[in-house]
Amino acid sequence: MEKYETNSDEETRRLAKSLSKNIQSGVIALTGDLGAGKTTFVQGFAAGLGIKEKIISPTFVLIRQHDIPKTGKTLFHIDLYRLENISDIKNLGLEEVLSENQNIVLIEWAEKINDLLSKNTIKIHIEKLTEDKRLITVS
Ligand code: ADP
Ligand code: MG
């Protein structure tokens, strides 16, 4: 388990960018309250992979995908904030996405689908300490 403290959104992006260099594929479960910095983290992570598209929270569509340059891989960005029932997961094709171990899948509000996550899932919890300070735990 590693813990990091960041003091600005830019620092959180920088941390995510550096973590992205060590993660080639798999599922990353992001947890933390609204406004903790989950989307900010995804922005930094995507930038680290060379993705130039703007990363906005897929709150209404629940899932967005971005090509990762020079890899042939895809980054899936999922936001389950508005997920109401587990049957929506099937409609979204989420189970299929989760089994795609070639790609990178970042999931905001991942605690909603804890039961579907494999043991290999990288867990990132962001805790808001003050207005600008965050405690980021990777396990
Ligand atoms: P979430 O997706 O968890 O709801 P967002 O990433 O959308 O959160 O929003 C985080 C908010 O907190 C942004 O307005 C960002 O500028 C602000 N912020 C302040 N300090 C930090 C920090 N250290 N890390 C991440 N975000 C921060
Ligand atoms: Mg968000």
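Read-outs: derived from the displayed coordinates by stated rules, not from any lab. Owing to the predicted nature of the structure, the values given are computational and were not obtained by experimental measurement. All Cβ positions, glycine included, derive from the backbone under ideal geometry; neighbour counts span all protein chains shown.
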* Kindly provide the helix-only [θ] at 222 nm of the chain, computed as the sum of -39,500 (n - 2.57) over DSSP H runs of four or more divided by all residues, to the nearest 500 deg cm²/dmol? => -6500 deg cm²/dmol
* Structure fact -> Whole-Hz Karplus couplings 3J(HN,Hα) for segment 118-132, θ = phi - 60° and coefficients 6.51, -1.76, 1.60, Gly and Pro as x, run 7, 5, 6, 4, 7, 9, 10, 10, 10, 10, 7, 8, 9, 3, 10
* Can you give the net charge of the other residues whose Cβ lies under 11 Å from the Cβ of Val61, counting K and R as +1 and D and E as -1? -> +1
* Relative contact order (percent, whole number), segment 1-111, Cα cutoff 8 Å, 6+ residue spacing -> 32
* Kirkwood hydrodynamic radius of the chain from all distinct Cα pairs, in Å? -> 15.0
* FRET efficiency, Gln65 to Glu2 (Cβ-Cβ, R0 41 Å, nearest 0.05) -> 0.90
* Asked: Which whole-number percent is the relative contact order of segment 29-75 (Cα, under 8 Å, 6+ apart)?
  -> 26
